[in-house]
Amino acid sequence: KNQVEQSPQSLIILEGKNCTLQCNYTVSPFSNLRWYKQDTGRGPVSLTIMTFSENTKSNGRYTATLDADTKQSSLHITASQLSDSASYICVVSAIGGGGNKLTFGTGTQLKVEL
Amino acid sequence: NAGVTQTPKFRVLKTGQSMTLLCAQDMNHEYMYWYRQDPGMGLRLIHYSVGEGTTAKGEVPDGYNVSRLKKQNFLLGLESAAPSQTSVYFCASKTPGQGHYEQYFGPGTRLTVT
């Protein structure tokens, strides 16, 4: 069964600090991995998408890494801001089905405090 | 562009009542999706559509029906609501294919069934 596991479940950091969120997956055959940011009461918004051949992708202060051999990904947030407080969801897509076979993680709830 | 919009934003139903959730997108996307999001669980696919007039079952289709009469609209129906259908429902749309085609999500509909 395809699964995506994220850690930690929740995290509190001080504004200006860095943090790293983890994602382990067992989705096969692998197509791509996405990180989404979901603010409270809103829909998820895409941060990065990486295919098998990409091992790093940045979007401003967000940097995602992918190790397809160990089936792990991380999302690093640099110089955190209060607006980074949200749930971060790792989503893995399997090959086939026209890109419709997505497995969602349960998310890491990040809170940035003053 | 409004992107993906959902109507209504909130709804309370009594067990056995019916309702329809409306999703509209103005990005000319072929593919559209309905998900539900429950506490402690990743988003789960209910139904999806790969084009006007076509629909397909996702991971948790029981108790729901869908229709895609127009390319820009995707309707989710609950014929006889049950408390187990209390959830937040998200609609999404995307361009067909694998790779770097992300899903764009709507703001969600919070449904409570009493």
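The values are calculated or read from the model by the stated rules, or taken from the named source; none is laboratory data. The structure displayed is predicted, hence computed values, not measured ones. Methodologically, a virtual Cβ is constructed for each residue, glycine included, from the backbone with ideal geometry; neighbour enumeration extends over all protein chains shown.
Things worth noting here:
- Inclusion of A:Thr51 among residues that are over 12 Å from the mean Cα position of the chain (by Cα) and within 10 Å of chain B (Cβ to nearest Cβ) is warranted.
- Residues in region A:81-114 that are surrounded by fewer than 24 Cβ atoms within 10 Å (Cβ to Cβ), in contact (Cβ under 8 Å) with a residue 60 or more places away in the chain and more than 10 Å from chain B (Cβ to nearest Cβ): A:Gln81, A:Leu82, A:Thr108, A:Gln109, A:Leu110, A:Lys111, A:Val112, A:Glu113, A:Leu114.
- Within region B:38-48, tally of residues that are surrounded by 22 or more Cβ atoms within 10 Å (Cβ to Cβ) and assigned to a strand (DSSP E or B): 3
- Among the conditions (1) crowded, with 17+ Cβ neighbours inside 10 Å; (2) in contact with a Leu (Cβ under 6 Å, 6 or more places away or on another chain); (3) more than 14 Å from chain B (Cβ to nearest Cβ), A:Ile77 misses just one, which is (2).
- Consider region B:27-37 and keep the residues that are in a loop (DSSP other than H, G, I, E, B) and in contact with a strand residue (DSSP E or B) (Cβ under 8 Å, 6 or more places away or on another chain). The one that is farthest from the other protein chains (Cβ to nearest Cβ) is B:Met27.
- Residue that is more than 8 Å from every other protein chain (Cβ to nearest Cβ) and free of Cβ contacts under 8 Å to residues at least 40 places away in the same chain, where the choices are B:Ser18, B:Ser80, B:Ser87, B:Ser67: B:Ser67
- Lone qualifier among B:Tyr101, B:Tyr35 - being crowded, with 22+ Cβ neighbours inside 10 Å and closer than 20 Å to A:Ala94 by Cα: B:Tyr35
- Meets criteria (modelled with pLDDT of 95 or more, out of contact with any strand residue (DSSP E or B) (no Cβ under 7 Å at 6 or more places or on another chain) and not small (Gly, Ala, Ser)) for A:Lys1: no
- From B:Thr5, B:Thr55, B:Thr95, residue being in contact with a Cys (Cβ under 8 Å, 6 or more places away or on another chain) and either within 14 Å of chain A (Cβ to nearest Cβ) or closer than 30 Å to A:Pro8 by Cβ (or both): B:Thr5
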